[in-house]
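The next block holds one structure in the form of structure tokens; read it before the comments.
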Amino acid sequence: MHPNNRWRCVPIILILLALRTALAQGTFADYQRAQQFLPGNLRHIAYLADVNPHWIEKTSRFWYRKASPGGSEFILVDAEHNTSAPAFDHARLATALSSAAKQEFSSTDLPFREFEFVEEGKGIRFSLDSAEWTCSFVSYECKSNPGEAKHSNEELSPNKRWAAFVRDHNLFLRDVSTGTELQLTQDGARGWDYATPLPSLRVMVDQGTEDVRQSPAVFWAPDSSKLVSYRIDSRNSGRFTSLQFVPPNQLRPKAFTYVYPLPGEVLAKAEPIIFEVQSGRRIDIKSASIELPFQDGPGFEWFPDSKSFYYDYDERGYKAKELRVVDASTGEEKVLVREQADPYLDPGQTLFRFVKGTGEILWSSERDGWNHLYLYGKNGQSQNQITQGHWVVQQIEHIDEAGRRVYFSASGVEKDEDPYQTHLYRTGFDGKGLQLLTPENANHSINFSPDGNYFIDAYSRPDLPDKVLLRRAKDGSEVRVLEESDPSPLAKLGWKAPEPFHGKAADGTTDLYGLIWRPSNFDAAKRYPIVEFVYTGPQSFFVPKTYNTFWLQSMSELGFVVVMVDGRGTAGRSRAFHLFSYRNLGGAFEDHVAMIKQMASRYPYMDIDRVGIFGTSAGGYGAAHAMLAFPDFYKVGVSTSGDHDARLDKAWWNEVYQGYPVQDDYVEQSNVTMASRLKGHLLIEHGDIDDNVHPVETMRFVDALMKANKDFDMLLVPNMFHGESGEHALYLVRRRWDYFVQHLLGVTPPVNFEIKEDRDARAPRRRRR
């Protein structure tokens with residue numbers, strides 16, 4: 001090269017370096033900005049309205065805790081008188097409690113989140129440091145009452161006279177006033193216990209033993225004369241053993257063995273039993289034992305007269321549901337309502353409520369192709385269909401017995417709206433007079449007062465800040481605004497709301513809905529890799545419909561366009577839409593690929609050649625499965641706590657949604673079976689003490705990848721339950737960020753960036769199955 005030409009190249013090199021800096025993504029600054037949008041940190045920047053009402057007895061008065069960047073306070077609201085004010089003098093209470101507890105407490109950060117009013121509203125009671133405390137509003141004195149702490153292994157009768165407990169696998173009663181004990185059973189044994197729910201691994205790990213202490217499974221009659229419980233036979237049930245590699249205060253690993261039935265296996269069985277308290281007489285319920293497709297145990301609800309109780313029973317594989325009523329004096333049982341369907345009934349879609357005054361039953365069913373309400377007489381006779389149309393009842397919110405009307409949440413009724421958005425409606429038991437009570441174009445979450453005269457309506461959209469109203473039940477009219485989110489601090493950060501996206505499924509006709517997040521420093525002239533957050537479980541839908549979606553914004557800040565899609569097979573739409581996933585859990589991703597291609601076609605800055613995916617649980621299965629099913633489309637993935645092989649996952653979930661009995665589709669759609677198809681970069685994460693999906697599923701998948709000679713990355717995380725949890729959670733978030741920055745952006749991530757988040761301030765997130 002001629003010397004003069006060499007110097008001419010210098011400006012070009014400098015320009016290219018400057019351009020590279022200007023287009024930089026995945027930088028230290030991006031990580032810092034992403035960190036701001038984590039939920040725990042965002043709470044210190046912006047106020048996001050959140051009202052969790054605690055109704056006071058059967059009135060229209062309630063309190064809630066307001067958490068804002070400046071601290072927290074408790075608000076008391078009287079709906080009838082339209083007043084709202086601090087529930088007490090926070091400063092005086094903090095001073096009194098600090099003095100009594102000999103600790104320093106702030107008026108804006110009191111050491112409790114819940115309380116109950118006592119002394120006719122002139123004081124409160126709460127728990128602190130394993131003791132009960134009472135603070136008077138008259139004198140503002142606080143006193144601890146250590147003896148009043150509830151015994152966690154006892155269940156008191158409604159009249160507080162009797163305490164039920166389990167000792168040596170048998171059920172006992174203790175007279176609270178005298179201490180006299182009455183042994184109700186004699187033949188309890190390990191694996192064939194009385195009043196003992198099947199414990200989860202989490203309980204065992206928390207207590208450090210397989211012989212856990214837990215409240216007895218007893219269900220008291222309202223008049224305290226009887227109780228119903230059960231005896232579970234788990235002697236022939238399948239079990240898993242989990243190894244906690246780094247237990248506290250111990251060098252050797254600790255093993256825990258627990259009941260964990262797999263699809264098609266023999267299930268534990270619960271035998272319901274009634275006990276009369278005074279006589280100790282045992283009354284066996286005249287019914288076959290109840291099969292338990294996972295852990296815990298069955299539940300029962302008494303009628304107010306204490307003469308009978310009811311429970312719902314699901315046939316294996318959820319082919320049918322029965323509402324059963326039991327005569328408590330004889331143990332005689334009858335089926336009031338039986339609903340069956342082929343291939344299954346979704347337990348999350350089938351719900352019921354009694355009309356207490358008449359004994360009638362409101363029952364939901366997808367029998368006409370959409371989830372709707374039906375009325376049954378007190379003897380179980382079918383009366384009429386209450387709601388109908390191409391829309392979905394989501395929840396019964398309140399029953400007006402006197403007016404013979406039902407208030408319910410439903411989606412898909414309003415035209416020209418996202419069909420998943422939920423509104424509150426009212427209609428007569430005869431199906432006449434349907435009325436919309438929450439007209440705003442948004443997703444509405446409802447909470448009724450016990451007296452039925454008022455309800456709290458929290459509404460928002462991903463692109464509409466939260467607003468929480470107190471409304472009148474009679475017509476939905478507004479009483480007052482309780483809280484509103486303040487988006488102005490977010491605007492100063494450059495944040496813009498995610499964009500709702502409407503497209504078509506892979507069939508070219510079915511409407512699908514998604515969301516698109518862009519970084520706050522978004523530049524349409526750049527090309528952005530696409531990262532999909534995935535969850536395809538058929539028990540619900542998952543694309544957010546509310547304002548608080550910021551944890552995915554944090555991912556976008558690194559230099560990605562982040563997307564979510566609800567494909568066919570998820571809930572919230574028609575039964576035909578829902579059934580697409582039956583025996584086809586692995587077949588959902590053709591819709592996701594189709595939707596992402598449509599997004600990229602509309603927005604050229606979305607780089608369709610650089611697509612990544614991540615998810616947890618069924619989303620962990622999905623992230624890996626998408627890479628195996630579409631190895632030329634999804635280039636990078638992070639799979640956390642994935643249920644990679646349904647044959648090794650819990651019976652209940654898989655027998656419902658993959659199918660029962662177990663067939664070849666379990667094998668065909670397993671990630672283990674498809675491991676040889678992997679092409680891209682895959683990071684697999686699993687916790688050693690995962691209490692939901694056993695790490696054996698990941699190890700089977702890893703074994704198959706190794707046998708197929710595939711490169712992948714893996715993190716087996718100590719002391720992690722399900723999902724990115726525990727003391728290493730933020731480390732895993734950082735590793736996930738790094739993985740996409742390195743392999744999708746092609747950038748070296750900041751070395752050992754330490755994510756900081758105030759996890760105590762995090763907004764609650766919905767637990768995955």
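One table, with the values for the structure above:
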| item | result |
| --- | --- |
| Hits in region 317-337 - residues which are buried (at least 16 other Cβ atoms within 10 Å of the Cβ) and either β-branched (Val, Ile, Thr) or not in a strand (DSSP E or B) (or both) | 317, 318, 319, 325, 326, 328, 331, 337 |
| Subset of region 411-442 (residues that are touching a strand residue (DSSP E or B) at 6+ places or on another chain (Cβ under 8 Å), open to solvent by 60 Å² or more (accessible area, probe 1.4 Å) and acidic (Asp, Glu)) | 430 |
| Residues within region 476-515 that are more than 30 Å from residue 82 (Cα to Cα) and assigned to a loop (DSSP other than H, G, I, E, B), tallied | 12 |
| Residue within region 672-685 that is farther than 29 Å from residue 653 by Cα and either out of contact with any helix residue (DSSP H, G or I) (no Cβ under 7 Å at 6 or more places or on another chain) or part of a loop (DSSP other than H, G, I, E, B) (or both) present | yes |
| Cβ pairs under 8 Å, 6+ apart, first in region 287-309 and open to solvent by less than 20 Å² (accessible area, probe 1.4 Å), second among the basic types (Lys, Arg) | 290/269; 292/269; 306/226 |
| Region 560-600, subset of a type in the set (Asp, Glu) and buried (at least 23 other Cβ atoms within 10 Å of the Cβ), residue farthest from residue 421 (Cα to Cα) | 591 |
| Count - residues of region 208-253 that are of a type outside the set (A, V, I, L, M), surrounded by 14 or more Cβ atoms within 10 Å (Cβ to Cβ) and outside any loop (DSSP other than H, G, I, E, B) | 10 |
| Qualifying residue in region 351-372 (condition: under 23 Å from the mean Cα position of the chain (by Cα) and on the phi > 0 side of the Ramachandran plot) | no |
| Filtered residue count, region 724-769, keeping only those that are modelled with pLDDT under 95 and open to solvent by less than 20 Å² (accessible area, probe 1.4 Å) | 1 |
| Qualifying position, being modelled with pLDDT of 95 or more, open to solvent by less than 70 Å² (accessible area, probe 1.4 Å) and within 17 Å of residue 241 (Cα to Cα), among 313, 258 | 258 |
| Residue match in region 77-87 (condition: surrounded by fewer than 18 Cβ atoms within 10 Å (Cβ to Cβ) and within 21 Å of residue 758 (Cα to Cα)) | no |
| Criterion violated by residue 156 - all others in (1) over 30 Å from residue 182 (Cβ atoms); (2) of a type in the set (A, V, I, L, M); (3) surrounded by 13 or more Cβ atoms within 10 Å (Cβ to Cβ) satisfied | (1) |
| Count - residues of region 266-286 that are open to solvent by 60 Å² or more (accessible area, probe 1.4 Å) and part of a loop (DSSP other than H, G, I, E, B) | 5 |
| Elements of type strands (runs of 3 or more DSSP E) in region 25-137, at least 3 residues being basic (Lys, Arg) | 61-68 |
| Unique residue being hydroxyl-bearing (Ser, Thr, Tyr) and in a loop (DSSP other than H, G, I, E, B) when the list is 748, 698 | 748 |
| Any hit, region 143-160, residues being in contact with a Leu (Cβ under 7 Å, 6 or more places away or on another chain) and modelled with pLDDT of 95 or more | no |
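The values are calculated or read from the model by the stated rules, or taken from the named source; none is laboratory data. No experiment lies behind these values; they were computed from the predicted model shown. Positions of Cβ are backbone-derived with ideal geometry, glycine not excepted, and every protein chain shown enters the neighbour counts. For accessibility, only protein heavy atoms count, side chains too; no ligands or nucleic acids. Shrake-Rupley method; radii C 1.70, N 1.55, O 1.52, S 1.80 Å.
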